[in-house]
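What follows is a single structure, written as structure tokens, with notes after it.
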Amino acid sequence: MKGLKLILASLAILAFNAPILKAQSGYVEDALRFSQYGATGSARINAIGGTQNSLGGDISNVHGNPAGLGFFQNSEFSFTAAYGDWNSETLLLNQSRGLNATNFSIPNIGAVISRAKGPLEIGDWRGGSFGISLNRHATFNQSFGYFSDQLDQGSILDYYTNLYNEQGVPSGTDGLFFEAFLINPANGGYDFVPNATTALAKSETVENEGNLTQVSFSYGGNFKNKLFIGGSLGINTISFRSTRTYDEEFLDDANQTTLFSSLQENLFLDGSGINLGLGVIYKPVDRLNLGLNFKSPTWNRLNEEYDADIFADFFPPYEDPEFGTIAESDAETDIFISSYNLRTPMTLGAGMTYFFGKSGFISGDVNYLDYSTANLRSNVFNTEQDNTEISRLYGQTINYSVGGEYRIQKLRIRAGYAFYGDPFGESGDLDRSTTQLSGGIGLKLPAFSIDFGLVNRRFNSYYTSYPGADLATTDNNRISGSLTLGFNF
């Protein structure tokens, strides 16, 4: 550590500027990450594009439109297993690198207890059903990264040298490059070590893990077999882990390494939240369902833990005027522990389902979200700037899906399509929308059902390692298969 050196070099600056330690620059990113997820549930719902605002009688109604529980005539237990494969192809400066992450999960398990009246029982109120389910709304298991050895690319040392010369040496992660002797006092300012030559190869790998899971308690009732109403209470749990490893290797004219450095950042997040839901499904005629679905904002409480470390190897060793020969160095931050509240946007949805007698149906959904309404609050740090950025960057989206089912006696054949709009208000030439194709089959028996669904989601994401760095574009291709077993009782 260069505590004495830091004091001597930065004393004048520290006298006028209080050091700021910030765990991460991604609070605005967190607001989007934990607000954005597709329709999930049983293999049947997955296969028809996630449409569920107007379609009743499925376990997914417990966390989807609770009014659909009013369609149940029998109690049911359901269990879903899934396997996902996430391929990420990242392009930076015309160089491509692919990474892959897989995941096996139990994304949905639930039960519905039906209290429906029989056909001969009198009364306009035809009973209803209680439901409880554990559903995985989103999975964060993903790995992506890039490699580039272009001669004209910039170094992270260029950025931090300019930052130090403008503001002095900060604390936290931004100060590690000084602590590790990669940037040093020079001529009244700061400069990087002579080992940082013009030829540079750099790479970065980002490994994310975790999920957002909700336990839902719902009730849906049936009035005259025409109007179905329902309400739900959802309790979310969030688990997220991210490890970012950024490497730079400088080379001389003989292509020999003169300097290697590696910065690793570790972020752990966990928390919980609560939301409410209301739903209505109306049948103007027997063959048509019209649905409305409202999900309140989710009020989350999140805890975070962050740390970072850096190490460097010098070839030949760096000769420091104060500390002498430096062949290798390392530095690390303290462990930063914090907590904050995150309110995610509400969702308004509408849907329509048309039945072709007993031959099948076609169903469509439209959902509205305004990501700019997400909000952060904390007693540990000031969230004003983050909330300003959320309002500035994010915007409103219209997500829609359509799907259908064709019935051949006990066999069900399904297909669907979904589109999730770009959550950024002014995205320019960067398209972050998601398209989804799906399909599946099922077998419906009097006391038992088995369904299989296959979903392919594609979208682009964009990433920069540090301010001013070249933009990396990642083509994400995620394929997931789910199998649902249902038992009536």
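Could you look through segment 392-414, keep only residues that are of a type in the set (Lys, Arg) and open to solvent by less than 50 Å² (accessible area, probe 1.4 Å), and pick out the one that is nearest to GLY439 (Cα to Cα)?
Kept after step one, since they are of a type in the set (Lys, Arg), are these residues of segment 392-414: 392, 407, 410, 412, 414.
Next cut, open to solvent by less than 50 Å² (accessible area, probe 1.4 Å) only: 412, 414.
Values: ARG412: 11, ARG414: 5 Å.
Residue satisfying both the conditions and the ranking: ARG414.
In segment 296-324, the residue that is surrounded by the fewest Cβ atoms within 10 Å (Cβ to Cβ) out of those that are under 19 Å from ASP270 (Cβ atoms) and hydroxyl-bearing (Ser, Thr, Tyr) is TYR306.
Each residue in segment 377-436 was checked for being farther than 20 Å from ASN300 by Cα and in a strand (DSSP E or B), and 27 pass. Of all residues in segment 368-390, those that are under 29 Å from TYR400 (Cβ atoms) and touching a residue at least 12 places away in the same chain (Cβ under 8 Å) have Cβ atoms under 7 Å from Cβ atoms of residues that are open to solvent by 20 Å² or more (accessible area, probe 1.4 Å) and in a loop (DSSP other than H, G, I, E, B), 6 or more apart or on another chain, in SER372/GLY425. All conditions in (1) touching a residue at least 24 places away in the same chain (Cβ under 8 Å); (2) on the phi < 0 side of the Ramachandran plot; (3) within 26 Å of the chain's Cα centre (by Cα) hold for ASP174, with the sole exception of (1). Within segment 456-476, residues that are at positive phi sit with their Cβ atoms under 7 Å from residues that are outside any strand (DSSP E or B) and surrounded by 15 or more Cβ atoms within 10 Å (Cβ to Cβ), at 6+ positions apart or across chains, in these pairs: GLY468/TYR159.
Within segment 159-195, the set of residues being out of contact with any Leu (no Cβ under 6 Å at 6 or more places or on another chain) and hydroxyl-bearing (Ser, Thr, Tyr) comprises TYR159, TYR160, THR161, TYR164, THR173, TYR190.
Only residues that are open to solvent by 20 Å² or more (accessible area, probe 1.4 Å) and assigned to a loop (DSSP other than H, G, I, E, B): list them for segment 164-180, please. PRO170, SER171, listed by residue number.
Checking THR205, THR258, THR237, THR243 one by one, the residue that is of a type in the set (S, T, N, Q), more than 32 Å from the chain's Cα centre (by Cα) and open to solvent by 10 Å² or more (accessible area, probe 1.4 Å) is THR258 and no other. Residues in segment 107-128 that are surrounded by 14 or more Cβ atoms within 10 Å (Cβ to Cβ) and modelled with pLDDT under 90 were compared, and the one that is farthest from GLY64 (Cα to Cα) is LYS117.
The values are calculated or read from the model by the stated rules, or taken from the named source; none is laboratory data. If you're wondering where the values come from, they're calculated on a predicted model, not measured in any experiment. Here Cβ is always computed from backbone atoms with ideal geometry, including for glycine, and neighbour counts include all displayed protein chains. Heavy atoms of the whole protein, side chains included, go into the accessibility calculation; ligands, DNA and RNA do not. Shrake-Rupley method; radii C 1.70, N 1.55, O 1.52, S 1.80 Å.
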